[in-house]
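The values are calculated or read from the model by the stated rules, or taken from the named source; none is laboratory data. Here the structure is a predicted model, which means the values were calculated and not measured. Note: ideal-geometry Cβ built from the backbone for every residue, glycine included; neighbour counts use all protein chains shown.
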Amino acid sequence: MRLSFAGQSDVGRVRGENQDAIALPAEQGAAGAWLFLLADGMGGAAGGARASAMALKAISESMAKALAGQDGPPADPAPLLRRSAERANREIRDAAGREQDLAGMGTTLVAALLYAGRALIANVGDSRAYLLRAGELLQLTEDHSLVQQEVARGHLTPEQARNHSMKNVLTRALGAADTVEVDLFTRELALGDVLLLCSDGLHGPVPQPSIRELLMASRRPDEAASRLVDAANSLGGPDNVSVVVVRVEELAAGGGEPGTDTQRRQARQRPGGLRGLIRRLRD
Ligand code: CA
């Protein structure tokens, strides 16, 4: 499997601080597995940025540890990703209990682990994963928010939810309670698929048809990421806006092939793609 990817995290036009965080794999094209993370922190003066950074660090480290020494892509990484998110929940909760400044902090999470022609998606809160395939944009995750609950019950339309005064109220977040329920989805990938992770700073102001058009009109992930962030900011940039765009450039025909020298070298470096990958992007 070969991927191209890019991410951007921007403070927006209204907020004084960026409490979102993203993490991309440290290198492109390594064999094995690629982990992409996005978190949208909340709570207190210092808490939001701490919570999102802690989540990314805890999950990156525990996934790197869990996958280290495995010979090839993991057979079933879902329990590993779930436990990593649960660990992040405990760490954020513990830190918030220890330090008064951090009381009440929490964060959303959307994670994508790409491996063996599949994407494993995990989410908590209202940061989302979308898949663009053959011109169609599909929302893969379901928001854990009060307004989404009302949409599911038929009390609100999705359009009413998008502009609702209570749209920021989450029903789940990392750090919000002693335990957390993590939603997990697995998708088979196809050549040319584009995966988008984003915070509500994007999907709040920018309608879904516009997100689709901007992804369709962009040749490369870095171009798409810039256009999406610009679109949110041109609509007022009411919140921190973060995006991760991943494009499937090649799907491996199968394991155990001899490969080129480059591929073999990259294979030996694995799981380097998951090591030291924290890259906090700020404006
Ligand atoms: Ca937000």
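Would you mind listing the strands (runs of 3 or more DSSP E) fully within region 1-114 where at least 3 residues are in contact with a Pro (Cβ under 9 Å, 6 or more places away or on another chain)?
Correct list: 2-10, 33-42.
Is it true that residue 52 is over 14 Å from residue 113 (Cα atoms) and either over 13 Å from the mean Cα position of the chain (by Cα) or polar (S, T, N, Q) (or both)?
yes
Can you tell me which residue among 138, 184, 197 is out of contact with any Asp or Glu (no Cβ under 9 Å at 6 or more places or on another chain), buried (at least 18 other Cβ atoms within 10 Å of the Cβ) and in a strand (DSSP E or B)?
Testing whether each residue is out of contact with any Asp or Glu (no Cβ under 9 Å at 6 or more places or on another chain), buried (at least 18 other Cβ atoms within 10 Å of the Cβ) and in a strand (DSSP E or B) leaves just 197.
Tell me which of these residue 75 doesn't satisfy, since it passes every other one: (1) more than 16 Å from the ligand (Cβ to nearest atom); (2) under 30 Å from residue 2 (Cα atoms); (3) at pLDDT 95 or above.
Status for residue 75: all satisfied but (3).
Which numbered condition trips up residue 14, out of (1) surrounded by fewer than 24 Cβ atoms within 10 Å (Cβ to Cβ); (2) more than 12 Å from the ligand (Cβ to nearest atom); (3) modelled with pLDDT of 95 or more?
Evaluating residue 14 over (1) surrounded by fewer than 24 Cβ atoms within 10 Å (Cβ to Cβ); (2) more than 12 Å from the ligand (Cβ to nearest atom); (3) modelled with pLDDT of 95 or more leaves (2) as the failure.
Within region 202-215, is there a residue that is within 18 Å of residue 36 (Cα to Cα), free of Cβ contacts under 8 Å to residues at least 60 places away in the same chain, among the aliphatic types (A, V, I, L, M) and within 14 Å of the ligand (Cβ to nearest atom)?
Yes, because at least one residue in region 202-215 is within 18 Å of residue 36 (Cα to Cα), free of Cβ contacts under 8 Å to residues at least 60 places away in the same chain, among the aliphatic types (A, V, I, L, M) and within 14 Å of the ligand (Cβ to nearest atom).
Among the residues of region 38-66, which ones are closer than 16 Å to residue 124 by Cα and touching a helix residue (DSSP H, G or I) at 6+ places or on another chain (Cβ under 6 Å)?
Residues satisfying the conditions are 39, 41, 42, 51, 54, 55, 58, 59.
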